[in-house]
Amino acid sequence: MKQLLRRFVQLLLPARCSACQRTGPDAICEQCSRELELVIPRYCMKCGRRRSTEYSSPDCAECHGLDIGVARSRSGYIYNELGRTLLADFKFNGNLAVGQELAERVLARIPTRAPRLFDEPGLVLDAILPVPLHPRRRRERRFNQSELLSRMLADHMRLPMRTDLLVRSRETETQVGLTQAQRRSNVSGAFDVSPRWQRRLTGQRFIVVDDLMTTGSTLAACARALRRRGADAVYGLTLFSTNPLVHPADRLAEDDFHNVPPPLI
Ligand SMILES: [Zn+2]
Ligand SMILES: [Zn+2]
């Protein structure tokens, strides 16, 4: 009801910038969009986050030599203060225009073909999978932001999107106040492949799409569930990712963020 009321109020108001609230035709105004910071061109091959120029390896110091679940990942924007404001408006206020605007801007800058997107010659992908929300949360929010992003990516890459393949097998506890290791164990085993797909994944390769990546624990849990059921490899794509070059204490944790209650109008 609250969300319906909010949508109704949005309809009555003139279009405004999601970040600074200035009236104008765009969901993100010209001035604010200058603060959007692309991860491209210096990214880690594995986790897809910003990579230091001082480090010569194609992956970053944080995932060098580790199995992070996904084979490779890409991410659009660095999750800075503006990113936090825009993503909150998209997810919690249901401002779909800002989500669409962000996705369009990222898609305009990334290759449509898998081998170029993930720097892997000959790569063939089978489908795009959004990170599923627990059915209760999906009912509350009325949409899954990762599904909207997946649909746009599926059109961009001309690949099918499957929403019934990857499922949330249990509801996760609140992650607020947990360490990185605790977060990982909290989310591990939270995903599975739906029974109708379980025997059909052998040799398949997927892209898992999420709105935000910080520790990578969600993408890792999804990738491990798919690989356990026979998938050959899993790739990741996120709209935002934290900058690993920023001190960990200053990072905005994705899992805390997932649990922020929607703001009231
Ligand atoms: Zn603005
Ligand atoms: Zn990395």
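Six or more apart or on different chains, Cβ atoms under 9 Å: show the pairs whose first residue is in segment 88-105 and over 11 Å from Arg141 (Cα atoms) and whose second is surrounded by fewer than 17 Cβ atoms within 10 Å (Cβ to Cβ) and of a type in the set (Phe, Trp, Tyr). Short answer, once both residue conditions are applied: Leu96/Phe143. Tallying residues that are surrounded by 18 or more Cβ atoms within 10 Å (Cβ to Cβ), farther than 25 Å from Ala223 by Cα and without any contact (Cβ under 8 Å) to a residue 24 or more places away in the chain within segment 22-59 yields 1. Taking the listed residues Ala97, Ala27, the one that is at pLDDT below 95, outside any loop (DSSP other than H, G, I, E, B) and within 16 Å of ligand 1 (Cβ to nearest atom) is Ala97, with no other qualifying. Within segment 56-74, being within 10 Å of ligand 2 (Cβ to nearest atom) and hydroxyl-bearing (Ser, Thr, Tyr) holds for Ser57, Ser73. Residues that are of a type in the set (Gly, Ala, Ser) and in contact with a Phe, Trp or Tyr (Cβ under 6 Å, 6 or more places away or on another chain) were ranked within segment 72-104; the one that is nearest to Pro244 (Cα to Cα) is Gly83.
Whenever a residue of segment 224-245 is among the aromatic types (Phe, Trp, Tyr), its partners that are crowded, with 19+ Cβ neighbours inside 10 Å and part of a strand (DSSP E or B), lying with C-beta atoms within less than 6 angstrom and at least six residues away or across chains, give the pairs Tyr235/Arg72; Tyr235/Ile207; Phe240/Tyr77; Phe240/Leu212.
Taking into account only those residues within segment 66-88 that are surrounded by 21 or more Cβ atoms within 10 Å (Cβ to Cβ) and charged (D, E, K, R), which is nearest to Leu226 (Cα to Cα)? The extreme case among them is Arg72.
Here is a yes/no grid of residues against (1) in a loop (DSSP other than H, G, I, E, B); (2) surrounded by 18 or more Cβ atoms within 10 Å (Cβ to Cβ); (3) at pLDDT 95 or above:
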{"residue": "Pro115", "(1), (2), (3)": "no, no, yes"}
{"residue": "Leu123", "(1), (2), (3)": "yes, no, yes"}
{"residue": "Ile128", "(1), (2), (3)": "no, yes, yes"}
{"residue": "Glu140", "(1), (2), (3)": "no, no, no"}
{"residue": "Leu149", "(1), (2), (3)": "no, yes, yes"}
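For segment 97-121, taking the residues that are of a type outside the set (A, V, I, L, M, F, W, C) and in contact with a helix residue (DSSP H, G or I) (Cβ under 6 Å, 6 or more places away or on another chain), the one that is nearest to Lys46 (Cα to Cα) is identified as Pro121.
Note on segment 225-246: residues that are in contact with an Asp or Glu (Cβ under 8 Å, 6 or more places away or on another chain) and modelled with pLDDT under 95 total 2. Thr172 falls short on exactly one of the conditions (1) buried (at least 17 other Cβ atoms within 10 Å of the Cβ); (2) in contact with a strand residue (DSSP E or B) (Cβ under 9 Å, 6 or more places away or on another chain), and that condition is (2).
The values are calculated or read from the model by the stated rules, or taken from the named source; none is laboratory data. Please read all numbers here as calculations on a predicted model, not as lab measurements. So basically every Cβ, Gly included, is an ideal-geometry build from the backbone, and we count neighbours across all protein chains shown.
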